[in-house]
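See below for the structure under consideration.
The values are calculated or read from the model by the stated rules, or taken from the named source; none is laboratory data. Everything quoted here is computed from the prediction, not taken from an experiment. Note that each Cβ is placed from the backbone with ideal geometry, even for glycine, and that neighbours are counted across all protein chains shown. Ligands, DNA and RNA are excluded from the accessible area calculation, which covers all protein heavy atoms including side chains. Shrake-Rupley method; radii C 1.70, N 1.55, O 1.52, S 1.80 Å.
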Amino acid sequence: MNTTRMTVAKAMTECLKAEGISTVFGYPGAAICPFYDELYNTDIRHILVRHEVNGGHAASGYARISGKPAVAIATSGPGALNLITAIATAYMDSIPMVIITGQVNTEQIGRDVFQEADITGSAEPFVKHSYLLKNPEDTARVFKEAFYIAGSGRRGPVLIDIPYDVQKAEIDFAYPETIDIRSYRPSTYGNGQQIKRAITAMEQAVRPLICAGGGLFTGDGASLMRRFAEVNDIPVVSTMMGLGAMPTDNPRYYGMLGMHGCKSANYAVNHCDTLILLGARVGDRAISAMEARSDLTVIHIDIDPAEIGKNLAVDIPIVGDLTAVLGQLIEACGVPTEHSAWKNELDAMRSDDKVTPAKDGYINPKQFMRILDKALPDNSVVVADVGQNQIWAAANITFHGGRFLTSGGMGTMGYSIPAAIGAKAASPDKEVIAICGDGSFQMQMMELATAIQHDINIKVIVMRNNYLGMVRELQEKGYDNRLTAVSLDGSPRYTKIAEAYGIEAALVDSPEAAETAVKQLISSDRPFLIEVSVEEHEKTIL
Amino acid sequence: MKHTISVLVENNAGVLARIAGLFARRGFNIDSLAVGVTDDERVSRITIVADGSDYTLEQIEKQLNKLIDVIKVKTLKNDTSISRELVLIKVGCSSRQRAEIMSIAEIAHAKISDISNTTITLELSDSKDNLANYEELLRPYGIKEIVRTGTIAIQKGEAAVRV
């Protein structure tokens, strides 16, 4: 291989270019300056966030839309530590990311010098893998491995921590074309014997059900799942992470399951005789509404063997890449089946969640979501935060080829705006909407500046009820209505905050105002913020 | 139930911390842990004795396999493997007691590693159960210190856990 003499810092940028990275998210500091100095010489777009954690979330949003590992950068010590929540959020939702952090000089490691933190140690529980790059000669191999590990198998974040002196060292650089990690060979195709067993079980099933999870968004998973469901006439329910894999108006779709799911989906899960889990890790919030049963055949298809049988006993485990396994299943299917009686039974469980109008000066949040939903183009990306806003969005936004991004596993507040910035950077032609509450907005509003600075025209919805509403609901129900530390008194007027950032904004306090504001929001080619006035004691669970 | 797990890992910095951390955060209990390099110096073997149900064991194996540095994981069965632990036991020993203790050592196939006017140090390698027996035999003389290595284990016959 032909090598070129250069600094590690320059080699790092060469690695990024070789991986096709055109946009990175980060926040500089002393220990990562050699790398930033080399970034100056490249065409790589650097999006400066206003807090490191948001660089991580933005990379997450970017990765979820591009389908490839995205890059977040921070300096040593506090910069790196601020990224941990974003790393953990990505880890829980299997989002491919490569995180680059600066570190103090190699010989100073362990001496508690200025801005030193053991980031590989601190982040260990939340990374798929990590490297402390001490030997400059390892640079190319480590980057190649990091991108490969992050973007293959069960996706996840990989951390590369690089000391300052290593970044300044000179090496003979060439980016490797091939890769071989003997201890990491994720499976692709499912075991033939198990595929046969799954087909037999499906043929015998009278009440089969597909549970679509977030894993379907890798490769062609979602479209193959739709074909698989169609060929075998199998009803589909979705986890929160799987929302959008099945179009909402598909007659075989019965909605989101779980604690905050709908009646038809939870009925389906509790009355099916064969449950086919596709890229769903059976999280506790998803199956909390599921009753223990002995007469159920569970087929679990997942890339990660450790997820199979972890939270639910499984009869037929299939480990493999969903695109490959669904291909195998579709090929192995015999005569198309049909399940009209089962579908009729489920259709009877569909309920039209009626919206009661709010009192004057407010709008029912469900009604607002539906007005917004009607106006959204089909391929829009909706990024929901965590809390009541997330539940209202998940239950009322419909999908026709668009995407729904949220922090499903970790439930990280403050995810939506930075993730929307990342998603918009990855797909500038799509409408990208961040939906948050007044609690989560105040955790991330500094990122409005990022959007403005980098011309990233995201739209922001703030559902304002002056409460940490989800926690308040818990206190109302489980703590005898003793409301503790959930009032957001003292909060600003959010339209004014937007105005201060030079962002056009509208206050919505009636259905009529909603129609007008949503139209403005969609037609604007600049960032736009809507503050939605929600009655203080509005609930998610009725 | 006790399980003996033989784990081959890349001999990289931090790999032991990753494994120990995994056990701690997932609530798996480690009874003992022994680490040493294999015939290939790039590969280390970690032998872990863990306590838990079959479900726990399955999770331990799967979660270990997810670590990138882990090359191979194998749970060894009691009846098809040999397990050993090395122990150094220092007991109080006057010159009058020396013969007595040395006869116990002989039965236990222990080596006398060190001797002084007031102590004797025995070196024993055996299964955990046998070691416990000898410990009881020596207890009346006054155990001053015990140092154990943790269990290591190997399969009987041709079977081997190799890269």
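List of remarks:
- Count - residues of the range B:60-73 that are at the interface with chain A (Cβ under 7 Å from one of its Cβ atoms) and open to solvent by less than 60 Å² (accessible area, probe 1.4 Å): 6
- The residue that is nearest to the chain's Cα centre (by Cα), counting only those in the range B:82-99 that are in contact (Cβ under 8 Å) with a residue 12 or more places away in the chain and exposed (fewer than 15 other Cβ atoms within 10 Å of the Cβ), is B:ILE82.
- Residue check for B:VAL49: touching a residue at least 40 places away in the same chain (Cβ under 8 Å), within 11 Å of another protein chain (Cβ to nearest Cβ), part of a strand (DSSP E or B) and farther than 30 Å from B:THR118 by Cα: no
- Per-region count, the range A:134-160, residues touching a Ser or Thr at 6+ places or on another chain (Cβ under 7 Å) and within 11 Å of another protein chain (Cβ to nearest Cβ): 4
- Restricting the range A:317-344 to residues that are in contact with an Asp or Glu (Cβ under 9 Å, 6 or more places away or on another chain) and of a type in the set (D, E, K, R) leaves a set whose member that is most open to solvent (accessible area, probe 1.4 Å) is A:GLU338.
- Residue in the range B:49-59 that is within 30 Å of B:ILE143 (Cα to Cα) and buried (at least 17 other Cβ atoms within 10 Å of the Cβ) present: yes
- The single residue among A:ARG285, A:ARG281 that is open to solvent by 50 Å² or more (accessible area, probe 1.4 Å) and within 14 Å of another protein chain (Cβ to nearest Cβ) turns out to be A:ARG281.
- Filter result for A:ALA265 (more than 19 Å from A:VAL231 (Cα to Cα), among the aliphatic types (A, V, I, L, M) and either surrounded by 23 or more Cβ atoms within 10 Å (Cβ to Cβ) or not assigned by TED's automatic domain parsing to the domain that holds A:LEU329 (or both)): yes
- Lone qualifier among B:THR80, B:THR56 - being away from every other protein chain (no Cβ under 14 Å) and either more than 17 Å from A:VAL127 (Cβ to Cβ) or modelled with pLDDT of 95 or more (or both): B:THR80
- Taken over the range A:104-133, the residue count meeting the criterion of being open to solvent by 30 Å² or more (accessible area, probe 1.4 Å) and within 12 Å of chain B (Cβ to nearest Cβ) is 8.
- Residues in the range B:6-37 that are over 11 Å from the mean Cα position of the chain (by Cα) and touching a residue at least 60 places away in the same chain (Cβ under 8 Å) were compared, and the one that is farthest from the other protein chains (Cβ to nearest Cβ) is B:GLY36.
- Test: residue in the range A:15-34 that is without any contact (Cβ under 8 Å) to a residue 40 or more places away in the chain and over 19 Å from the mean Cα position of the chain (by Cα): yes
One line per residue, one yes/no per condition, for (1) more than 22 Å from A:THR218 (Cβ to Cβ); (2) at pLDDT 95 or above:
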position: A:ASP273; (1), (2): yes, yes
position: A:ASP284; (1), (2): yes, no
position: A:ARG293; (1), (2): yes, no
position: A:ASP304; (1), (2): no, yes
position: A:ILE318; (1), (2): no, yes
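- Only one of the numbered conditions (1) more than 24 Å from the chain's Cα centre (by Cα); (2) open to solvent by 10 Å² or more (accessible area, probe 1.4 Å); (3) farther than 21 Å from A:GLN390 by Cα is violated by A:ASP455, and that is (1).
- A:GLU230 vs. criteria open to solvent by 50 Å² or more (accessible area, probe 1.4 Å), of a type in the set (D, E, K, R) and under 30 Å from A:GLU473 (Cα atoms): no
- Those residues of the range A:405-423 which are in contact with a Gly (Cβ under 8 Å, 6 or more places away or on another chain) and crowded, with 24+ Cβ neighbours inside 10 Å, in sequence order: A:LEU405, A:GLY408, A:PRO418, A:ALA419, A:ALA420, A:ILE421, A:GLY422, A:ALA423
- Test: residue in the range A:153-168 that is touching a Lys or Arg at 6+ places or on another chain (Cβ under 8 Å), in a helix (DSSP H, G or I) and either without any contact (Cβ under 8 Å) to a residue 60 or more places away in the chain or in the same structural domain as A:ALA30 (by TED's automatic domain parsing) (or both): yes
- Flag for A:PHE441 being within 30 Å of A:ILE44 (Cα to Cα), part of a helix (DSSP H, G or I) and not assigned by TED's automatic domain parsing to the domain that holds A:HIS260: yes
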